[in-house]
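All remarks here apply to the structure that follows.
The values are calculated or read from the model by the stated rules, or taken from the named source; none is laboratory data. Since we're looking at a predicted model, the values are computed, not measured. Here Cβ is always computed from backbone atoms with ideal geometry, including for glycine, and neighbour counts include all displayed protein chains. To get the accessible areas, we keep the full protein, side chains included, count just its heavy atoms, and leave off ligands, DNA and RNA. Shrake-Rupley method; radii C 1.70, N 1.55, O 1.52, S 1.80 Å.
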Amino acid sequence: MIGCSSFTLESQDNKHFLSRTMDFQIEMAEQILFIPRNKEIGIAHSNEETIETSYACLGMGAMEEGHPVLFDGINEKGLMGATLYFPGYADYSENI
């Protein structure tokens with residue numbers, strides 16, 4: 001079975017750490033990407049809509065058709081996140 005996992009740790013001095021495995025069957029997230037604040041970036045491959053970033057961000061990802069795609073990372077305010085994959089075990093709710 002393939003699937004990603006993650007966990008967080010908090011140190012005794014209240015620092016937080018995010019860890020993860022990346023268990024995809026294809027190669028991805030092979031680059032370190034830095035996205036500066038106030039940078040205009042595309043938000044979707046299917047249209048030309050853009051946004052301006054509020055905070056700088058650093059993470060692992062790839063450039064896809066000129067758009068940064070982060071699979072995990074942290075912004076300058078300390079917000080962390082990771083894209084996790086659980087095939088056959090997780091899905092999105094149809095009730096919104």
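Evaluate the following for LEU9: is it aliphatic (A, V, I, L, M), open to solvent by 70 Å² or more (accessible area, probe 1.4 Å) and modelled with pLDDT of 75 or more?
When the stated conditions are applied, LEU9 passes them.
Have a look at ILE74, ILE41 and point out the one that is in contact with a Ser or Thr (Cβ under 8 Å, 6 or more places away or on another chain) and either part of a strand (DSSP E or B) or over 27 Å from GLU10 (Cα atoms) (or both).
Numbers: ILE74 fails: in contact with a Ser or Thr (Cβ under 8 Å, 6 or more places away or on another chain).
After applying the criteria, what remains is ILE41.
Of everything in region 50-66 that's assigned to a strand (DSSP E or B) and open to solvent by 40 Å² or more (accessible area, probe 1.4 Å), which residue is nearest to CYS4 (Cα to Cα)?
MET60
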